[in-house]
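Have a look at the structure below before the remarks.
Bear in mind these aren't lab numbers, they're just calculated from the coordinates by the rules spelled out. Please read these numbers as outputs of a predicted model, since none were measured by experiment.
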Amino acid sequence: MIRSSGGGEFMSESTASTHAIESHVRGLCDADLRRLYATGQDTLVEAAIAIARDELARRGIPPRSAAEYWRDCRDEWFETIGFCLECWSTTTEGEPDPRSFQTAFDPDGDPCPDCDSVPVVQTLRVLFIPLRVMGRFRVARLDRGVLVWRKRRE
Ligand SMILES: [Zn+2]
């Protein structure tokens with residue numbers, strides 16, 4: 001299943017054959033296919049984008065850029081991406097390392113008025129003393145309660 005913030009499983013052509021990509025992409029529902037094409041331009045391998053473009057054409061669905069997808073399919077966008085276009089496009093794929101148990105998250109600014117996502121900073125702590133910044137993220141909550149993360153550009 002494609003994760004909402006992108007399509008990490010397609011990032012390396014060496015780990016997924018074109019055939020596996022093709023059968024996955026062609027099997028997506030319309031909404032997932034629209035989102036994959038609109039939001040995967042920077043992160044998916046070229047083969048996946050080409051197959052998605054072809055499959056959209058076959059179904060008679062216009063291929064949309066991220067901005068067009070945000071404009072035309074707002075509910076669909078929010079349902080699985082969680083972030084508004086601004087918060088999405090000023091961040092990249094990436095979530096905190098789940099193994100970093102000695103870390104804490106602190107708010108690092110106001111929630112976005114459009115999508116309620118919150119900028120946070122993850123710090124490594126020892127005995128509650130913050131030692132080092134591990135990463136800066138933006139976190140949003142999908143309607144179904146799932147938290148989604150994006151890495152903020154430094
Ligand atoms: Zn936002």
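The calculated 222 nm mean residue ellipticity attributable to helices in the chain amounts to -9500 deg cm²/dmol, summing -39500 (n - 2.57) over DSSP H runs of n ≥ 4 and dividing by all residues.
Rounded to the nearest 10 degrees, the inclination of helix 30-39 to the longest alpha-carbon principal axis of the chain is 60 degrees.
For the range 27-104, the convex hull drawn through the C-alpha positions has a volume of 122 cubic angstrom per residue.
For a distance above 15 Å, tell me the whole-number percent of Cα pairs in the range 92-152 that qualify. Result: 51 percent of Cα pairs exceed 15 Å. Result for the chain in a Gaussian network model with C-alpha springs under 10 Å: among Gly27, Gly135, Gly94, the largest mean-square fluctuation is at Gly27. Computed over the chain, the percent of Cα pairs more than 22 Å apart is 46.
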